[in-house]
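Enquirer: I have a structure here, written as structure tokens, and I will follow up with some questions on it.
Every number in this text was worked out from the coordinates using simple rules, so none of it is lab data. In this text the structure is predicted, and so the values were computed from the model without any measurement. Cβ coordinates were reconstructed from backbone atoms using ideal geometry, including for glycine residues, and neighbour counts include every protein chain displayed.
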Amino acid sequence: MEVDPLIILGYVLSFIVLIIGIAYSIYKDRRGD
Amino acid sequence: MVVSISLDVIIIAIVTMLTAIVGLVGYRISRTFVGYMFANKSLGPWLLAFSIMATYFSAASFLGGGGATYIYNLGFGAWLTAWHVIGVVVLWIVVADKLYRYVSKAGVLSIPELIGYLYRSTLARLIAATVIVALFNLYLVSVYRGGGIVLSTMFEIDYKIALLILTLPAMVCIILGGMKSAAISNLFLGVLMLIAAALTFTYIMTYVGGLINGLSSFSQISVLGISGTLWLRFDGAGPRLAMEKGLVPILIMSVTFSIGMAQTALPNLLIQFYAAKNSKAISRGRLIGPILVSLYAFLMFSLGMFCHLVLDKNLGDQQIAELMKNSDFVIPKAISLLVPIGIRGLILSAPVAASISTITVTILTITNTFIRDVIQVTISLKEVNVIRLAKIFSIIFSFTPMTIALIEDKLIIDVVSAAFGTIFACFVGPVTIGLYWRKATKEGAIGSMVVGALTGILWYIYLYRSTMIHSTIPATLLALGTFIILSILTNRKNV
């Protein structure tokens with residue numbers, strides 16, 4: 001089984017953007033923004 | 001595909017009735033315009049986040065989004081998920097807070113009014129109002145059509161009755177309680193959609209023996225003579241015409257971008273930030289909103305290809321070929337095979353829930369725009385009359401798209417299919433970028449909306465099928481180009 005790297009990239013990018021979004025939201029919330 | 005008249009039907013009937021009953025919750029506060037349209041600005045983070053998610057995801061997200069990789073390779077699921085995650089993070093982090101601050105400061109009550117305020121232009125406001133009323137009515141036609149076709153096919157009922165089943169609970173809900181009722185019913189419907197997505201994912205993944213096992217099976221199967229390995233290649237499986245032309249990757253990227261990123265500029269989503277209780281609701285929603293949308297996307301958007309392992313051995317070549325043309329029934333068929341009665345009804349109520357939740361807030365958005373930016377701009381009315389008019393027009397805007405959905409005309413179907421992405425193209429410059437870019441001008445905003453609307457519709461009708469590039473891409477590029485160039489030119493002139 002070999003999955004195209006461009007397909008894997010889509011999922012990896014989703015995870016990275018979501019984690020950055022959550023981290024940024026927590027950071028802004030703690031700063032009271 | 002027919003679902004027997006049983007517990008399943010009863011569950012779906014309960015879901016639709018509950019939506020109407022929830023209308024009573026918002027009845028008390030719907031006696032003022034702000035109460036009716038903006039829930040007296042009382043929405044907390046959970047209501048806001050669930051309502052925005054449920055508004056954005058129509059039945060197409062469950063049926064089209066869920067079944068798409070039955071036709072396309074897994075890349076469609078991967079990039080549809082990616083653009084949804086990027087879109088929802090941009091919506092909550094970049095747009096929400098800034099929009100809420102502007103709205104609170106200026107006291108505006110609609111998206112066109114915000115455009116009028118940002119660019120000091122009544123003409124820009126009127127054009128924005130025209131675009132919203134026209135394109136959202138057309139977009140609703142596609143929501144009604146999708147939900148109506150599914151309901152009528154699953155339960156073997158008349159298409160017209162299916163349309164009424166979608167229209168009536170949504171209409172009762174918003175006439176009784178406006179935005180407050182719509183948001184509460186969206187919370188309920190949104191939870192239902194997430195539960196349905198989780199159950200669908202679990203049943204299909206359990207059947208195929210888990211993700212890795214399911215993917216490995218594709219190296220050993222073929223579908224109508226097409227090797228299963230093509231579902232694991234980004235330039236592999238797709239619609240026949242796109243495969244022949246070698247345009248599958250372009251088609252995947254343009255369609256998934258159009259669907260996923262539209263949420264950053266859709267007025268029926270943005271208007272809900274106006275109803276936030278306070279800035280704390282926005283900052284807490286900023287955490288909840290992206291998690292909800294991402295969870296739904298991860299659970300649903302890649303399931304279609306695994307349905308080959310569930311369905312194909314039970315179907316003839318003719319039936320597989322039909323599903324490879326229109327994959328909307330792939331998920332319902334798989335659910336009918338794998339899921340026991342009762343739970344099946346709960347899952348199949350998700351597309352109905354998704355349609356109703358989109359219809360309620362979108363009708364409110366159209367009504368709000370029409371009352372606030374067309375009628376109130378020209379006539380001065382007492383508050384009580386404004387509420388009456390709002391409720392009358394909510395009924396009119398419930399039935400207008402439903403009536404158009406009854407017309408079987410290729411041109412109309414093309415136009416309504418183009419409406420969703422075209423709305424994004426029209427407003428991404430004037431609203432989303434305009435919130436930050438102080439040098440943007442009214443000429444740029446007006447030009448952007450006009451160019452976006454014309455390009456979006458005309459490209460879809462005449463060029464989409466031959467180029468395999470979704471109309472949203474050229475419409476967005478041309479609208480943004482017009483917005484930036486005209487703003488720079490006229491800004492200099494004004495200085």
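Enquirer: Please give the average number of partner chain Cβ atoms lying within 10 Å of the Cβ of each residue in B:225-238, rounded to a whole number.
Expert: The per-residue average across the peptide is 2.
Enquirer: While we're looking at this one, here's another question. If I take the Cα coordinates of the stretch B:257-390 and project them onto the principal axes, what are the three extents in Å, biggest first?
Expert: 65, 33, 32
Enquirer: Under 16 Å from a label point 7 Å along Cα→Cβ of B:I396: give me every residue in the stretch B:352-369 with its amide N that close.
Expert: B:363-369
Enquirer: In chain B, which helices (entire DSSP H runs) extend 20 Å or more along their own long axis, judged by Cα positions, while averaging at least 0.0 on the Kyte-Doolittle scale?
Expert: Going by DSSP H runs, the hits are B:7-22, B:74-89, B:122-155, B:159-208, B:279-300, B:343-369, B:383-404, B:410-427, B:442-462, B:472-494.
Enquirer: Using the number of other C-beta atoms within 10 angstrom as an exposure proxy, rank B:I184, B:I423 with the fewest first. Please report the intermediate quantities before stating the final value.
Expert: Values: B:I184 22, B:I423 27.
Arranged by neighbour count, lowest to highest, B:I184, B:I423 become B:I184, B:I423.
Enquirer: Okay, helix-only estimate at 222 nm for the protein assembly as shown: each DSSP H run of n ≥ 4 adds -39500 (n - 2.57), divide by all residues, round to 500 deg cm²/dmol; what do you get?
Expert: One gets -24000 deg cm²/dmol as the mean residue ellipticity at 222 nm.
Enquirer: Shifting gears a bit: When Cβ neighbours within 10 Å are restricted to other protein chains, what is their mean count per residue of peptide B:291-297?
Expert: 2
Enquirer: Using a 7 Å offset from the Cα along the Cα-to-Cβ direction at both B:T202 and B:I407, what is the distance between the two label points in nm, to one decimal?
Expert: For B:T202 paired with B:I407, the spin-label model returns 4.5 nm.
Enquirer: Okay, next question. Toward the positive end of the charge dipole of the protein assembly as shown, about the Cα centre and with charges on Cβ (Lys, Arg +1; Asp, Glu -1), which of B:A354, B:L187, B:I127 goes farthest?
Expert: Of B:A354, B:L187, B:I127, it is B:I127.
Enquirer: Taking the Cβ of each residue in B:M37, A:M1 as the centre, tally the other Cβ atoms inside 10 Å and list the residues starting with the fewest.
Expert: Ascending Cβ contact count within 10 Å gives the list A:M1, B:M37.
Enquirer: What would the Debye formula give as log10 I(q)/I(0) at q = 0.09, 0.10, 0.12 Å⁻¹ for the alpha-carbon point model of chain B, no solvent?
Expert: Normalising to I(0) and taking log10 leaves -0.58, -0.73, -1.05.
Enquirer: Right, another one. Packing-wise, with mean Cβ within 10 Å as the measure, how do B:128-140, B:298-310, B:199-211 rank, highest first? Working shown, then result.
Expert: Numbers: B:128-140: 23.0, B:298-310: 24.8, B:199-211: 16.3.
Packing order, densest peptide first, comes out as B:298-310, B:128-140, B:199-211.
Enquirer: Size of the dipole of the stretch B:408-495 about the Cα centre, Lys and Arg at +1 and Asp and Glu at -1 on the beta carbon, nothing else charged, in debye to 20?
Expert: Taking the Cα centre of the stretch B:408-495 as origin, the dipole is about 520 debye.
Enquirer: Fewest first, what order do B:K105, B:K160 take by the number of other Cβ atoms within 10 Å?
Expert: Working: B:K105 9, B:K160 13.
So the residues, fewest neighbours to most, are B:K105, B:K160.
Enquirer: So what is Rg over Rh here for the protein assembly as shown, counting just Cα atoms and using Kirkwood for Rh?
Expert: 0.96
Enquirer: Rounded to two decimals, what is Rg over Rh for the stretch B:1-119 when you use alpha-carbon atoms and the Kirkwood radius?
Expert: Working: Rg = 19.3 Å, Rh = 18.1 Å.
That ratio equals 1.06.
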